[in-house]
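A short worksheet on the structure shown next.
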Amino acid sequence: MDGIDFERLAERIGFADLGVTTARIDFGSEEHRTLHFLPKLFAVNAGRSIIPHGHSNMVSAHLPLTGAFRLRQYDQLARDEHSLTIQPALDRMIRAGDLSSIGEDEDNVHWFIAEEPSYTFDVIVTGLDDEAEQPYEIFNLDMEAAEPKGNGLLNVPLMPVSEALLKYG
Ligand SMILES: [Fe+2]
């Protein structure tokens, strides 16, 4: 994906004498452009979870509106057909207003367990890489089967979503 030409935009809009100036961000209009922004509301009952998973070709941001979650996040360091290698990055309680996000590698794996009936407002961005075969992919993880690899790294097997929901959902 091409970067945003910040310097050109900043020069064009300058600063306002009062208030602000703004610019629309143009991601380009190439024929095969696949970048999509998808806003979504998630409802997660007490004890239920957004199951542990990693991603490719997507990033996202998550804002709890009500409730409380235990949120764990991990950096995604490597991926093969059967597993992800990840490193713990965060483990904390979050409540309304505690924004979290995932990057392409950093904090890319996340796992939300609701402690009470909870809602989050999410913005999901897919299609970061026009050359990728899939617009995005999600890798559900069997965290209980994680194997320590030393230096805090974990190798975690992938599992089908139906099994992952039964075990972690
Ligand atoms: Fe996710």
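The values are calculated or read from the model by the stated rules, or taken from the named source; none is laboratory data. In this text, all values refer to a predicted model and were calculated from it rather than measured experimentally. Cβ atoms come from the backbone with ideal geometry, glycine included; neighbour counts cover every protein chain shown.
Inspect the range 104-123 for any residue being part of a strand (DSSP E or B), over 17 Å from ARG70 (Cα atoms) and touching a Pro at 6+ places or on another chain (Cβ under 8 Å) and give the result as yes or no.
Keep residues of the range 104-123 that are part of a strand (DSSP E or B), which gives 109-114, 118-123.
With over 17 Å from ARG70 (Cα atoms) added as a condition, the list becomes 123.
Still in the list and also touching a Pro at 6+ places or on another chain (Cβ under 8 Å): 123.
Yes: the range 104-123 contains one or more residues that are part of a strand (DSSP E or B), over 17 Å from ARG70 (Cα atoms) and touching a Pro at 6+ places or on another chain (Cβ under 8 Å).
From the set of residues in the range 104-121 that are surrounded by fewer than 22 Cβ atoms within 10 Å (Cβ to Cβ) and within 12 Å of the ligand (Cβ to nearest atom), which is nearest to the chain's Cα centre (by Cα)? So that I can check it myself, show each step before the final result.
So the first thing to find is which residues in the range 104-121 are surrounded by fewer than 22 Cβ atoms within 10 Å (Cβ to Cβ), and the list is 104-107, 111, 113, 115-117, 119, 121.
From what's left, within 12 Å of the ligand (Cβ to nearest atom): 107, 111.
Values: ASP107: 8, TRP111: 10 Å.
Going through the qualifying residues, I end up with ASP107.
Return the residue satisfying two criteria in turn: it lies in the range 38-68 and is outside any strand (DSSP E or B) and in contact (Cβ under 8 Å) with a residue 60 or more places away in the chain, and of such residues it is nearest to THR120 (Cα to Cα). Outline the logic, then answer.
Taking the range 38-68 first, the residues outside any strand (DSSP E or B) are 45-48, 57, 67.
Adding the requirement that they be in contact (Cβ under 8 Å) with a residue 60 or more places away in the chain leaves 45-48, 57.
Values: ASN45: 11, ALA46: 13, GLY47: 15, ARG48: 13, ASN57: 22 Å.
Filtering the range 38-68 for residues that are outside any strand (DSSP E or B) and in contact (Cβ under 8 Å) with a residue 60 or more places away in the chain, the one nearest to THR120 (Cα to Cα) comes out as ASN45.
Kindly establish whether GLU144 is in contact with a Ser or Thr (Cβ under 9 Å, 6 or more places away or on another chain) and surrounded by fewer than 17 Cβ atoms within 10 Å (Cβ to Cβ). Spell out the reasoning first.
Working: in contact with a Ser or Thr (Cβ under 9 Å, 6 or more places away or on another chain): no; surrounded by fewer than 17 Cβ atoms within 10 Å (Cβ to Cβ): yes.
Judged against the criteria, GLU144 is not a match.
Looking at PRO88, PRO52 in this structure, which one is within 15 Å of the ligand (Cβ to nearest atom), at pLDDT 95 or above and touching a Lys or Arg at 6+ places or on another chain (Cβ under 8 Å)? Steps first, please.
Numbers: PRO88 fails: within 15 Å of the ligand (Cβ to nearest atom).
Within the list PRO88, PRO52, the selection yields PRO52.
Residue check: is GLY19 part of a loop (DSSP other than H, G, I, E, B), over 13 Å from the mean Cα position of the chain (by Cα) and touching a residue at least 24 places away in the same chain (Cβ under 8 Å)?
On the way: part of a loop (DSSP other than H, G, I, E, B): yes; over 13 Å from the mean Cα position of the chain (by Cα): yes; touching a residue at least 24 places away in the same chain (Cβ under 8 Å): no.
So GLY19 fails the test.
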